[in-house]
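Have a look at the structure below, then the notes.
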Amino acid sequence: MKAKSDKKNTKKYNICVVGAGHVGLVAAACFAKLGHAVSCVDSDLRRIKALKNNKMPFYEPDLECLVKKGVKEKNLSFLTSLVEGVRKAQVIFIAVGTPPQKDGSADLSSVENVAQVIAGNLNSYKLIISKSTVPVQTGKKIKETISRYKKSSQNFEVASNPEFLREGKAIYDFFYPDRIVIGVESSTAEHILRDIYSKVDAPIIVTDVNTAELIKHASNSFLATKISFINAVSRICDLAGADISKITQAMGMDKRIGRDFLNAGIGYGGFCFPKDLEAFSYISKKLGYDFDLLKEVKNINEGQRKNFVEKVKERLWIIKNKKIAVLGLAFKPDTDDMRFAPSVDIINFFLKEGAHLTLYDPQAKPEAVKLFSAKGGSASGGKAGRLKFSKGPYEAIKGSDCLCLLTEWGEFKKLNLEKVKRIMRYPLIADGRNFFDKNKVCSLGFEYIGMGMQSDGQSSNTKK
Ligand SMILES: NC(=O)c1ccc[n+]([C@@H]2O[C@H](COP(=O)([O-])OP(=O)(O)OC[C@H]3O[C@@H](n4cnc5c(N)ncnc54)[C@H](O)[C@@H]3O)[C@@H](O)[C@H]2O)c1
């Protein structure tokens, strides 16, 4: 961790983090590492019980070690009682889920629930900070709720401190953020938040609460737009016979554009971009502005999944009874998170067409098993015994007619492609992330499908 000044003594705050999920648990462990006294509360009793037994509820590199250290040093504890967490804290971070509803709006019932409990337990001044991603004006609603239901005359303030961490790199992102955004209503709240983060060396942007909330929605929507933009360009590449990899390389070298989030593929997924885009669209419309651009970003994203399966279908002709190996299920590498993962739609499509699928992911198998079981297929055999999980990539690939790469896990770079070709029934690679070196796989005799990559093998990469 990059300390601003080793000599500087940080004031120790009693912090309660509500929600022990991908954001809450990471934040709780990291605040404990910064030296604060943190209690992390979750309404999921099994989750808290598991955490008390040192069992992590999801895969996140280095998290287990940090949690164990916090607990050992007595800076971190886990609670099921929100009342207890609220009463002993001066600072409360709300990090509960804000899932999408059918109409696209964010379900803020968990946030409201927490606000009500805080209202009933205001035994001292408290600063209540939303870390959950919420639509603009949610802070105002939290404040109204607490004011309405509070039973004491104690003061409180509401603030916003949106989280920008990436799953898979969450600990690093917490300690080395590009910026920390704090939306506050007073210098007291600003002072507390600056104090809490005083050991993290990052620029702090101070705004009002509404602006901080909007920064998060605008940032995620912009990144999703960048991905959809380059995916739309990749469609033109397919049609015109151009190479998206060279286009992104050249565009990315322009400092005004930048190379990040400029990878063509099967599109974005996860718990943030799809729902935040929808929620931003919804709140914009509610406020009186129709953000049509965001609707198109979503359409392009969904179109990429369809485009991918159409490409495979075009090569295999009949999908029924073909054996398809799927490598990568999580919505991105280094996480086991399957929420809104593009792999889910793609797998369901192939299943519907009658294919036999063997799935492999280095971490996401337990989540995938839960997900496909919940959808009515038996995880061990699928609805008609057509969905299997394998323990390793070669087991999945063996005897297959097509290898679909859906998540770019680093371990897939180490695949022995000669062996892969030997054990496949038909050497076809459908690369949903433009992850493999197309020239290499083509020179080994594979047929290659990429996204905007001149899939016939005549890449401009070969033209020196
Ligand atoms: N996952 C990410 O990469 C990420 C990044 C930045 C921001 N966010 C935002 O942070 C928020 C949390 O996301 P997440 O991925 O951590 O979700 P998550 O589903 O992993 O965790 C949410 C946790 O909150 C708990 N919870 C729900 N209601 C509760 C209540 N009333 N009291 C106590 N606990 C309760 C749930 O049991 C769950 O453990 C969301 O608003 C999300 O958009 C997520």
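The values are calculated or read from the model by the stated rules, or taken from the named source; none is laboratory data. Bear in mind that the values here come from a model prediction, so they are computed numbers and not experimental data. Here Cβ is always computed from backbone atoms with ideal geometry, including for glycine, and neighbour counts include all displayed protein chains.
Need pairs with beta-carbon distance below 7 Å; first residue assigned by TED's automatic domain parsing to the domain that holds TYR394 and within region 410-426, second loosely packed, with under 11 Cβ neighbours inside 10 Å and not β-branched (Val, Ile, Thr); sequence gap 6+ or separate chains. Close Cβ pairs satisfying both conditions: LYS421/GLY445.
Restricting the search to region 54-80, which residues are in a helix (DSSP H, G or I) and either closer than 21 Å to SER132 by Cα or polar (S, T, N, Q) (or both)? Across region 54-80, the qualifying residues are LEU63, VAL67. Of the residues making up region 395-422, those that are among the basic types (Lys, Arg) and either part of a helix (DSSP H, G or I) or in contact with a strand residue (DSSP E or B) (Cβ under 7 Å, 6 or more places away or on another chain) (or both) are LYS413, LYS414, LYS419, LYS421, ARG422. Taking ALA189 as the residue in question, decide whether it is in contact with a Leu (Cβ under 8 Å, 6 or more places away or on another chain), crowded, with 21+ Cβ neighbours inside 10 Å and of a type in the set (A, V, I, L, M, F, W, C). When the stated conditions are applied, ALA189 passes them. Can you spot a residue in region 92-100 that is closer than 29 Å to LYS275 by Cα, surrounded by 17 or more Cβ atoms within 10 Å (Cβ to Cβ), more than 15 Å from the ligand (Cβ to nearest atom) and touching a residue at least 60 places away in the same chain (Cβ under 8 Å)? For region 92-100, residues closer than 29 Å to LYS275 by Cα, surrounded by 17 or more Cβ atoms within 10 Å (Cβ to Cβ), more than 15 Å from the ligand (Cβ to nearest atom) and touching a residue at least 60 places away in the same chain (Cβ under 8 Å): absent. When we screen LEU262, LEU316 for residues that are more than 16 Å from the ligand (Cβ to nearest atom) and touching an Asp or Glu at 6+ places or on another chain (Cβ under 8 Å), the only hit is LEU316. Please determine whether any residue of region 81-89 is within 11 Å of the ligand (Cβ to nearest atom), part of a loop (DSSP other than H, G, I, E, B) and closer than 24 Å to ILE118 by Cα. Scanning region 81-89 turns up at least one residue that is within 11 Å of the ligand (Cβ to nearest atom), part of a loop (DSSP other than H, G, I, E, B) and closer than 24 Å to ILE118 by Cα. I need the full set of residues from region 28-45 which are outside any helix (DSSP H, G or I), of a type in the set (A, V, I, L, M) and farther than 17 Å from LEU82 by Cα, in order please. Once the filter is applied, which keeps residues that are outside any helix (DSSP H, G or I), of a type in the set (A, V, I, L, M) and farther than 17 Å from LEU82 by Cα, region 28-45 yields only LEU34. When region 384-394 is limited to residues that are part of a loop (DSSP other than H, G, I, E, B) and not small (Gly, Ala, Ser), the one that is modelled with the lowest pLDDT turns out to be ARG386.
For region 168-184, a tally of residues being closer than 21 Å to PRO135 by Cα and surrounded by 15 or more Cβ atoms within 10 Å (Cβ to Cβ) returns 5. If you go through region 116-136 and keep only what is within 13 Å of the ligand (Cβ to nearest atom) and within 21 Å of LEU25 (Cβ to Cβ), you end up with VAL117, ILE118, ILE129, SER130, LYS131, SER132, THR133, VAL134. Exactly one residue out of SER228, SER281, SER245, SER234 is assigned by TED's automatic domain parsing to the domain that holds GLU411, within 16 Å of the ligand (Cβ to nearest atom), touching a residue at least 24 places away in the same chain (Cβ under 8 Å) and among the hydroxyl-bearing types (Ser, Thr, Tyr), and it is SER281.
Residue-level analysis places GLY252 outside the set of residues that are in contact (Cβ under 8 Å) with a residue 40 or more places away in the chain and farther than 30 Å from TYR13 by Cα. On inspection, LEU25 passes the criterion of being outside the structural domain of THR335 (by TED's automatic domain parsing), assigned to a helix (DSSP H, G or I) and within 13 Å of the ligand (Cβ to nearest atom). Restricting attention to region 129-167 and to residues that are surrounded by 20 or more Cβ atoms within 10 Å (Cβ to Cβ) and in a helix (DSSP H, G or I), the residue that is farthest from the chain's Cα centre (by Cα) turns out to be ILE146. You will find that of GLY19, GLY85, the residue that is surrounded by 14 or more Cβ atoms within 10 Å (Cβ to Cβ), touching a residue at least 24 places away in the same chain (Cβ under 8 Å) and at positive phi is GLY19 and no other.
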